[in-house]
Amino acid sequence: LWASVSEAQTTRRTSSRDLVLLVLAAVVGAALMIVLSPLLALSGRAGPELTLVTGAFLVGYLRRYGVLGAGVGSQVFIGQLLAYGAGLTRADFPTLGIAGLIAALAAIVPRLLSGPAEHPALAAPAPVAVRAPELRMGLQAAAAALVIVLLNDAIGLQESAWAITACTYVIAGSTSGTVQRVLRRILG
């Protein structure tokens, strides 16, 4: 589902290619969580959540590569989040591979069967004079995620992974943009 949200091509061929890349990014994110969790568990109760810091960074930073880049960053984070929530271990690698294949088919088949009138909305071109601050956005998201991980380790937060997710997706290209996103989330 999330791969389909992040895909924005106008032909079936390029759309299918991007959907495969997006699903693969989620599988890579889950695999990172599986591999790094046991190592990071040695650093304390919240250690495995440190992997989510890398995903949070990628959500912001990969926006520099357009819609597909932003989608890949999001998919890595979502894969990490799902693997963390499910408590996946190395024994789950075969299941992860099968789930990746099923997800790819589930994302691509509807796109292949859709009519030619169904094209995703194309994003408006960014103004040329303003450079997107993707590195800063990635670092802000990673810093916010790290603070939550440290708080979780210190006082034991409940559902801290969702707090990391909220912080990751409110980061905008400017301070005022981030503040507005936070206020909208609070009002929602």
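The figures follow:
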{"read-out": "Probe 1.4 Å, protein heavy atoms only - accessible area per residue of region 9-89 in square angstrom", "value": "43"}
{"read-out": "For region 160-170, Karplus couplings with θ = phi - 60° (6.51, -1.76, 1.60), whole Hz, Gly/Pro x", "value": "5, 4, 6, 5, 4, 4, 4, 5, 5, 8, 9"}
{"read-out": "Helical mean residue ellipticity (222 nm; -39500 (n - 2.57) per DSSP H run of 4+; nearest 500) of the chain", "value": "-23500 deg cm²/dmol"}
{"read-out": "Spin-label pair SER174/PHE93, simplified geometry with 7 Å Cα→Cβ offset, distance in nm", "value": "4.8"}
{"read-out": "Accessible-area composition of the chain, carbon plus sulfur, in percent [1.4 Å probe]", "value": "71"}
{"read-out": "Relative contact order (percent, whole number), the chain, Cα cutoff 8 Å, 6+ residue spacing", "value": "28"}
{"read-out": "Rg to Rh quotient for the chain, alpha carbon positions, Kirkwood Rh", "value": "1.00"}
{"read-out": "Whole-Hz couplings from phi, Karplus 6.51/-1.76/1.60, listed for region 95-108; x for Gly and Pro", "value": "5, 4, x, 5, 4, x, 5, 5, 5, 5, 4, 5, 7, 7"}
{"read-out": "Full-extension gain in nm, LEU150 to ARG45, via 0.36 nm per residue minus C-alpha separation", "value": "36.8 nm"}
{"read-out": "Label point distance in nm, ARG64-THR11, each placed 7 Å from Cα along Cα→Cβ", "value": "2.9"}
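The values are calculated or read from the model by the stated rules, or taken from the named source; none is laboratory data. Here the structure is a predicted model, which means the values were calculated and not measured. When we count neighbours, we look across all protein chains shown, and the Cβ atoms used for this are built from the backbone with ideal geometry, even at glycine. Calculation scope for accessible area: heavy atoms of the full protein, side chains included, ligands and nucleic acids excluded. Shrake-Rupley method; radii C 1.70, N 1.55, O 1.52, S 1.80 Å.
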